[in-house]
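For reference, the structure is listed below as structure tokens.
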Amino acid sequence: MINPLLAPWTAPFGLPPFADVRPEHFVPAFAEATARHLDEVDAIAAAADAPTFANTIAALDRAGRDLERIRALFFNLTSSETSPALQEVQRAMAPQLAAHDNRVHTHAGLFARIDALHARRDAIDLDGEQRRALERFHLDFVRAGARFAPTARERHAEIVQRIAELMTRFGQNVLADESAFQLVLRSEADLAGLPESLRAAARQAAAERGVADGAVITLSRSLVVPFLTFSTRRDLREAAWRAWTSRGEHAGASDNRQLAAEILQLRLEQARLHGHSSYADFALADTMAQTRSAVTALLERVWQPARERAEDERAALAAVALSRGQSATIEPWDWRFYAEHVRRVRFDLDDAEVRPYFALDAMVAAAFDCAGRLFGVSFVERRDLVAYHPDVRVYEVRGASGPIGVFLHDNFARPSKRSGAWMSEYRSQSRNGGDGDAPVLPIVVNNNNFAKAAPGAPTLLSFDDARTLFHEFGHGLHGLLSNVRYERLSGTSVLRDFVELPSQLFEHWLDEPAVLKRHARHHRTGEPIPDALIAKLQRARHFNQGYETLRYVASAMVDMAVHARTAADPVDVVEFERAELARLGLPHGVGVNHRLVHFQHLFAGGYAAGYYVYLWAEVLDADGYEAFVEAGDPFDAQVAQRLVRFIYSAGNSIEPGAAYRAFRGRAAVAEPMLRNRGLLEAVAT
Ligand SMILES: [Zn+2]
């Protein structure tokens, strides 16, 4: 029987053979593809000719493309449409793939050639992108331990394999806890306070989970957050909040406490092998920030003003609670509920009034339209192309002279999909595909977790949901507009604290009244959103930003602190987190974005000692958007041209600080970020 993963992929644009793939195809396909990749790497290393950029770096960049496309398909499926069979393959393959990567990146013969080229980099004739590719590949090898003595190299390989295994289990445990929980609402009393849109989404979730005659709140963000915001049932809010914040902390099969502790121990050992005293130092060495002190300085700059702001917010919430005869102590499951009340009273802003103008399809059209006006690209739906789930929509992306990529849009929550929202790729853009410099087109996917409306009804988003849609689409454009030669430098393969710039920057267009007037139309009447409602949204912008900022910064501080540990003993992550939050003085009732026991950015993703990157990039995006404000037009052609040239299309071909300065004409300053968060006045006092 032919394994469709190893046969040529003949679908248009080289899309994966979604319909034919079975979980059992992956193990043999990985075995074959990793062997082929190693053969290619051995051949590069064994070449009789002296190392040149072409026969070493460009060849290495081209090697392993079969493995890459199979791996991309596999990990996209395990994130977006997983199954017990795929999860089993994932547990088996994660350490093996980590071992394979390590073998390539510590290949002695290959590293000798790269190292020789790197030593002569000033003497050989390289253009800017080639020089950058050489430097990045060299650093990849060094950070994988290519320079270590054999025993250290072996131990390093063991560590990265074990970490890969533990991280796989960590993520699967979070999904298991999320899938296991459901809050079933049967009576009107259970549904008290919930707006119609949330009731409809909860009925749809019940139908999908086979719960007859009821409504279900799952731990999907687009259900649990609105529930915490609107439910007047304090007991049910508490139950939902406890389930949501204790994911990964239940004794038994899905317990993440020991896994996190072991990952942290191994990371410290890894950092020490590299000569760093903590993992945070090792991780930060390859970032824009460079040092812990640079990160901490930024986080602390917002912490104190955000605390003062949150104290004012808490007092306002307590006043409402008291006026309703409730306790003035605002518990974590109360904050969103009373904040919504204050928002309604103070800003006359009601979620039920906002949602009808933010139908999902209209917001997708808005994102496409902004991309078109800024960058001259268009999105043409290809209903003839089918992806891995019927909800996924497939678009051909066209530039001035033909297709530039494929965009998959996977917007709805389902039990087989991990929580959160993210961008990923099935294939990265390059012009180094083995076929001369013919372009290799990117295949990009955006995943969201919006609660799907009942069949026939439009899915209505909150303003925050629409922001998430724009955010991920900004990442998507970073992949789709990429225009580099070498895949190593393509699209989002940038430094971690630069990668949120294209995504967060794109959110700004959703705040533009002209964009809202054009696209935020009532789903029934087609009427554009009233000016008065836009004004209310803008006035309410800073409301509750103390709370939101503290939740984020607290998580970023805990991440940095736990990865800055220098003691090798296993840490009790629950106790560590409690002590750290107490030290920081996180006010009661606020909570954090992610607790360590389910912090997938750190323990199932690539953001260890890196949760700060959103704020780091926010300095850049807030300052960067001012370029359009200064030009007096959110679609100013000249600013947009610099933006695409130096940011959205440049990938990692330019050092990020230099890329930003080339776009903006100067380095970024922090004031626009502080102003956008409403924290600037607080700083001045
Ligand atoms: Zn992002």
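The values are calculated or read from the model by the stated rules, or taken from the named source; none is laboratory data. Remember, predicted model here, so these are calculated numbers, not experimental data. All Cβ positions, glycine included, derive from the backbone under ideal geometry; neighbour counts span all protein chains shown. When the accessible area is computed, the model is the full protein with side chains, heavy atoms only, and any ligands, DNA or RNA have been set aside. Shrake-Rupley method; radii C 1.70, N 1.55, O 1.52, S 1.80 Å.
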Checked pairs for region 227-247, first in a loop (DSSP other than H, G, I, E, B), second surrounded by fewer than 20 Cβ atoms within 10 Å (Cβ to Cβ), C-beta under 7 Å and 6 or more apart or across chains, list as Ser231/Ala192; Ser231/Gly193; Thr232/Ala192; Thr232/Gly193; Arg233/Asp190; Arg233/Ala192
Here the qualifying pairs (Cβ atoms under 9 Å; residues six or more apart or on different chains; first in region 106-122 and without any contact (Cβ under 8 Å) to a residue 24 or more places away in the chain and of a type outside the set (A, V, I, L, M); second open to solvent by 60 Å² or more (accessible area, probe 1.4 Å) and in a helix (DSSP H, G or I)) come out as Arg121/Arg131
Within region 219-249, of all residues that are in contact with a strand residue (DSSP E or B) (Cβ under 8 Å, 6 or more places away or on another chain) and open to solvent by less than 40 Å² (accessible area, probe 1.4 Å), the one nearest to Val342 (Cα to Cα) is Phe227
For Ala438, are the conditions met, namely being modelled with pLDDT under 95 and either assigned to a loop (DSSP other than H, G, I, E, B) or over 29 Å from Ala54 (Cα atoms) (or both)?
yes
With the first residue restricted to region 603-629 and required to be under 30 Å from Ile163 (Cβ atoms), and the second required to be of a type in the set (Asp, Glu), Cβ contacts under 6 Å at 6 or more apart or on different chains are Tyr611/Asp559; Val613/Asp497; Val613/Glu500; Tyr614/Glu500; Trp616/Asp497; Ala617/Glu500
In this structure, is Gly610 open to solvent by 50 Å² or more (accessible area, probe 1.4 Å) and at pLDDT 95 or above? no
Going through region 38-57 in order, the residues found to be out of contact with any Lys or Arg (no Cβ under 6 Å at 6 or more places or on another chain) and surrounded by 18 or more Cβ atoms within 10 Å (Cβ to Cβ) are Glu40, Val41, Ile44, Ala45, Phe53, Ile57
Of the residues in region 289-347 that are under 23 Å from Pro672 (Cβ atoms) and among the basic types (Lys, Arg), the one that is most open to solvent (accessible area, probe 1.4 Å) is Arg301
Note: among Leu674, Leu581, Leu596, Leu620, just one is surrounded by fewer than 21 Cβ atoms within 10 Å (Cβ to Cβ) and closer than 23 Å to Tyr552 by Cα, namely Leu581
Expected single match for under 30 Å from Glu249 (Cα atoms) and modelled with pLDDT of 95 or more among Ala556, Ala520 is Ala556
Residues of region 139-178 being small (Gly, Ala, Ser) and either surrounded by 15 or more Cβ atoms within 10 Å (Cβ to Cβ) or in contact with a Leu (Cβ under 7 Å, 6 or more places away or on another chain) (or both), in sequence order, are Ala144, Gly145, Ala146, Ala152, Ala157, Ala164, Gly171, Ala176
### Query
Does Gly402 satisfy the criteria of being more than 23 Å from Gly171 (Cα to Cα) and either touching a helix residue (DSSP H, G or I) at 6+ places or on another chain (Cβ under 8 Å) or within 16 Å of the ligand (Cβ to nearest atom) (or both)?
no
Output for Cβ contacts, cut-off 7 Å, separation at least six or different chains, first residue among the charged types (D, E, K, R) in region 451-479, second within 16 Å of the ligand (Cβ to nearest atom), reads Arg467/Glu507; Arg467/Leu510; Glu472/Ala421; Glu472/Trp422; Glu472/Met423; Glu472/Asn446; Glu472/Asn448; Glu472/Ser503
Picking from Leu110, Leu77, Leu60, the residue that is buried (at least 21 other Cβ atoms within 10 Å of the Cβ) and farther than 25 Å from Phe148 by Cα would be Leu77
Exercise. Check region 199-212 and report whether any residue there is touching a strand residue (DSSP E or B) at 6+ places or on another chain (Cβ under 9 Å) and acidic (Asp, Glu).
Key: yes
Do we have Ser187 as under 30 Å from Ala457 (Cβ atoms) and surrounded by fewer than 18 Cβ atoms within 10 Å (Cβ to Cβ) here? yes
Scanning region 580-607 for residues that are within 16 Å of the ligand (Cβ to nearest atom) and either over 20 Å from Arg309 (Cβ atoms) or among the basic types (Lys, Arg) (or both) gives His594, Phe599, Gln600, His601, Leu602, Ala604, Gly605, Gly606, Tyr607
Q: Could you please let me know if Glu249 is of a type outside the set (S, T, N, Q) and modelled with pLDDT of 95 or more?
A: yes
Condition set of a type in the set (A, V, I, L, M) and more than 15 Å from the ligand (Cβ to nearest atom), scope region 418-453, selection farthest from Glu178 (Cα to Cα): answer is Ala438
Over region 400-427, the set of residues in contact (Cβ under 8 Å) with a residue 40 or more places away in the chain and in a loop (DSSP other than H, G, I, E, B) is Ala413, Arg414, Pro415, Ser416, Lys417, Arg418, Ser419, Gly420, Ala421
Taking region 612-624 and keeping only residues that are assigned to a helix (DSSP H, G or I) and within 16 Å of the ligand (Cβ to nearest atom), one is left with Val613, Tyr614, Leu615, Trp616, Ala617, Glu618, Val619, Leu620, Asp621, Ala622, Gly624
Glu500 fails exactly one of (1) in contact with a His (Cβ under 9 Å, 6 or more places away or on another chain); (2) surrounded by fewer than 24 Cβ atoms within 10 Å (Cβ to Cβ); (3) under 30 Å from Ala54 (Cβ atoms), namely (3)
Considering region 385-394, residues that are touching a residue at least 24 places away in the same chain (Cβ under 8 Å) and not β-branched (Val, Ile, Thr), and then whichever is surrounded by the most Cβ atoms within 10 Å (Cβ to Cβ), we arrive at Ala387
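The rows are residues; the columns are (1) at pLDDT below 95; (2) over 30 Å from Ser419 (Cα atoms).
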position: Ala116; (1), (2): no, yes
position: Asp122; (1), (2): no, yes
position: Asp127; (1), (2): no, yes
position: Gln130; (1), (2): no, yes
position: Leu134; (1), (2): no, yes
position: Leu139; (1), (2): no, yes
position: Phe148; (1), (2): no, yes
position: Arg169; (1), (2): no, no
position: Ser179; (1), (2): yes, no
Region 454-524: helices (runs of 4 or more DSSP H) wholly inside it with 2 or more residues that are within 16 Å of the ligand (Cβ to nearest atom) are 463-480, 500-507
By residue number, the members of region 123-174 that are in contact (Cβ under 8 Å) with a residue 60 or more places away in the chain, under 15 Å from Glu269 (Cβ atoms) and over 26 Å from the mean Cα position of the chain (by Cα) are Gly145, Phe148, Ala152, Arg155, His156
